[in-house]
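The structure appears right after this line, and notes come after that.
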Amino acid sequence: MNEPAVRLEEQIISLFPALETEVYQGWILKQTSNQTIICPLYGSSDKDITERIQAGEEISHQKSLDCQFRIVEHTNYYLAARLEDYGYKLHHAFAVWCGRR
């Protein structure tokens, strides 16, 4: 992954207000009052992306929150394709994949 893009994304993520932040296998999950924003920055191999998407959704749904994925635009085409397969839609202005709920 593009190292400067990841560093910039880390800084942006740190600005998001959150009630709770946790890390799941290198993916950062920031929970607000109504949603979980999942930022898949580290350690994503193509073989475990489906499991991580499902786990992120499950963590979010256990807390009755909507689920969104924020990815650095044009850096992870495989993840973007898997999110589309799961019914997520890209919100271009923010590179946020909005949930299925």
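Taken together, the values in this text are just the output of simple stated rules run on the coordinates, not laboratory data. Computed from a prediction, not measured in an experiment: that's the story for all the values here. Note that each Cβ is placed from the backbone with ideal geometry, even for glycine, and that neighbours are counted across all protein chains shown.
Computed from the C-beta positions of ILE13 and GLU84, the FRET efficiency with R₀ = 25 Å rounds to 0.65.
For a straight C-alpha distance cut-off of 15 angstrom, the aspartates and glutamates reachable from LYS30 (same-chain residues fewer than eight places away being disregarded) are GLU9, GLU10, GLU20, GLU22, GLU57, GLU58, ASP66. Scalar couplings 3J(HN,Hα) for the range 79-86, obtained by applying the Karplus form with A = 6.51, B = -1.76, C = 1.60 to θ = phi - 60°, are 4, 4, 5, 5, 5, 4, 4, 7 Hz; x denotes Gly and Pro.
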